[in-house]
Amino acid sequence: MNKVSIYILLFFTALIVPQKKAIAQKIDTIYHINGNILTGDFKNLTYGVVLWKMDGMGTISLEEVKINTIISQKKFEIKMKNDLIYFGSFAASKTKRTVFIVTADKKELVNIEDIVEVYPIKGNFWKRVSGDFSLGFNYSKGSDIATVVFSGNLDYRKKISYFNLSWNDNNTYQGDTLNASKTNVGIAWQRLLKKGWSAEIGVSGNQNTELGTKIRWELDLMGIKDISYNSWNRLYVGSGLSITSETNYNDPLAKNDLAGIFQAVWKVYKYTNPKVWVDANMNYIPYLTDGGRYRTSFNLNPKVSVFSDNLKIGFTFYYNYDSEPPSEAYSTNDYGINLQLSYSFH
């Protein structure tokens, strides 16, 4: 891992270490479709599943389709299928599979199946943070080649916006020698607008020895539109501008460019056992100041739960292409696949 990724990771780790352990008040109530009443702590709802904490049972997952109604006086950010966003609490409804959303000025009855995302509005910094950490490893005795991957992301949520820190450090060794390195570290801020639109600003740094990139800094300004967002998937696309500053291994001088950026992201979740997560994204970056050059990238990360929803096993696949690498000595493409063990929190 290069110094940039280490410093950023240490900085955010220092920020998110809690000073005091908060004790959640388990005062929320869910009425199950079979008549059972569950009392606990409503953590969040995403991809059709409620994360629910109960005394004695710990944190469990409850499918949205099994909820009849909800009671909670806590304040939530509630996103609907029609892209409306409410800030309020929940009150019980006598009509099956419905709930009242109570805001400062109104009380509105909605279908539970129309709710796609619920997050508590919390004052404590640590409670607003969620994420996962992943470790991957491959080794072949015959070739004496090993690949070690450390990746993860941290999300910090506020009203109608969130920050995301992500990193991926992929190193290949032969014997005691580092043969290849691919590192990406990025910080992004995304703000929800109206009618499924969002705005995003992102800063990232990356290195790829296979493509000849010593360090590339990028500032991305994008508009994002949700194409589909429901209980089992989210598909969105984005486009904008990318300002890059790139230093290559065969040239100490930084090269600055302006490029377009087009992005597609698809997240899928299956809540029946075994529970499956699939994250995929594709980027196309045509250069505006370096005519003819373009870069593409594709990432695929399917995972399946083992023992609990917090622990997952899967694999990562990446493919990167640069139509004009620094010189003919470097490849135009780089790809890899690794097994992965992940742990998520909050």
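The values are calculated or read from the model by the stated rules, or taken from the named source; none is laboratory data. Everything quoted here is computed from the prediction, not taken from an experiment. Reconstructed Cβ throughout: ideal geometry from the backbone, glycine too, with neighbour counts over all protein chains shown. When the accessible area is computed, the model is the full protein with side chains, heavy atoms only, and any ligands, DNA or RNA have been set aside. Shrake-Rupley method; radii C 1.70, N 1.55, O 1.52, S 1.80 Å.
Place +1 on the Cβ of every Lys and Arg and -1 on the Cβ of every Asp and Glu in segment 135-188, take the dipole about the Cα centre, and give the residue among 168, 187, 146 whose Cα lies farthest towards its positive end.
After comparing all options, I get 187.
Considering only C-alpha atoms, what is the centroid distance from segment 224-238 to segment 162-201, in Å?
For segment 224-238 versus segment 162-201, the Cα centre distance is 20 Å.
Give me the net charge for the shell around residue 339: Cβ to Cβ below 15 angstrom, other residues only, Lys and Arg +1, Asp and Glu -1.
Residues near residue 339 contribute +2 overall.
Using the Cα centre as the reference, give the magnitude of the dipole from point charges on the C-beta atoms of segment 178-298 (Lys, Arg: +1; Asp, Glu: -1; all else neutral), rounded to the nearest 20 debye.
Computed charge dipole of segment 178-298: roughly 540 debye.
Could you order peptides 202-212, 284-294 by the average number of other Cβ atoms within 10 Å of their residues, highest first?
Result, highest mean first: 202-212, 284-294.
Determine the per residue accessible area of the chain with all protein chains present and a 1.4 angstrom probe, expressed in square angstrom.
For the chain, the per-residue accessible area is 52 Å².
Could you give the dipole magnitude of the chain about its Cα centre, charging the beta-carbon of Lys and Arg +1 and that of Asp and Glu -1, in debye to the nearest 20?
Its charge dipole is roughly 1700 debye.
Name the residue farthest towards the positive end of the dipole of the chain from the options 207, 306, 58, assuming +1 on Cβ of Lys and Arg, -1 on Cβ of Asp and Glu, about the Cα centre.
In the chain, that residue is 58.
Kindly provide the Kirkwood hydrodynamic radius of the chain in Å, to one decimal, from all pairs of distinct alpha carbon atoms.
Answer for the chain: a Kirkwood hydrodynamic radius of 22.1 Å.
Provide, as a two-decimal number, the C-alpha radius of gyration of segment 209-313 over 2.2 N^0.38 Å, N being how many residues it has.
1.39
If we count every other residue with Cβ under 10 angstrom of residue 263's Cβ, Lys/Arg +1 and Asp/Glu -1, where does the sum land?
It works out to a net charge of -2.
What aspartates and glutamates sit close enough to residue 303 to cross-link, taking a C-alpha to C-alpha distance under 20 Å and skipping anything fewer than 8 places away on the same chain?
63, 132, 155, 169, 279
Can you sort 324, 64 by 1.4 Å-probe accessible area, starting with the largest?
Correct descending sequence by accessible area is 324, 64.
Cα-based Rg of segment 62-132 per 2.2 N^0.38 Å, rounded to two decimals?
1.13
Take the alpha carbon gyration tensor of segment 77-212, find the square roots of its eigenvalues, order them as a ≥ b ≥ c, and report rounded if a/c is under 1.5; if not, report prolate when a/b exceeds b/c, else oblate.
In terms of gyration-tensor shape, prolate.
What is the distance, in nm, between label points placed 7 Å from the Cα along the Cα-to-Cβ direction at residue 332 and at residue 95?
With each label placed 7 Å out from Cα toward Cβ, I get 5.9 nm.
For segment 241-295, what percent of Cα pairs sit more than 14 Å apart?
66
Go through segment 230-238 residue by residue and turn each phi into a ³J(HN,Hα) via Karplus (6.51, -1.76, 1.60, θ = phi - 60°); whole Hz please, and just put x for glycine and proline.
Computed from phi, the couplings for segment 230-238 are 9, 6, 10, 7, 9, 10, 9, 10, x Hz.
Quantify, in whole percent, the carbon and sulfur part of the accessible surface of the chain (1.4 Å probe; protein heavy atoms only).
59
Hey, got the dipole for segment 20-90? About the Cα centre, +1 on K and R Cβ, -1 on D and E Cβ, debye to the nearest 20?
280
Show me 223-233, 174-184 ranked by packing, highest mean number of other Cβ atoms within 10 Å first.
Taking the mean over residues of other Cβ atoms within 10 Å, the ranking is 223-233, 174-184.
Taking just the alpha carbons, could you work out the radius of gyration and Dmax for segment 158-280, both in angstroms?
17.7, 54
Putting +1 on Lys and Arg Cβ atoms and -1 on Asp and Glu Cβ atoms, find which of 330, 277, 297 reaches farthest to the positive end of the dipole of segment 266-330.
My answer, from the dipole projection, is 277.
Once a ≥ b ≥ c are taken as the square roots of the eigenvalues of the Cα gyration tensor of segment 271-346, is the result rounded (a/c under 1.5), prolate (a/b larger than b/c) or oblate (a/b not larger than b/c)?
Here segment 271-346 falls in the prolate category.
Which of 267, 81, 94 ends up with the largest GNM mean-square fluctuation for the chain, with Cα atoms connected below 10 Å?
94
Using only Cα atoms and rounding to the nearest 10 degrees, what angle (0 to 90) does helix 3-16 make with the longest principal axis of the chain?
20
Give, as a single signed number, the net charge of other residues whose beta carbon lies under 10 Å from the beta carbon of residue 276, with Lys and Arg counted +1 and Asp and Glu -1.
+4
Under a point spin-label approximation (7 Å from Cα along Cα-to-Cβ), what is the residue 199-residue 262 distance to one decimal in nm?
Rounded to a tenth, the inter-label distance reads 2.4 nm.
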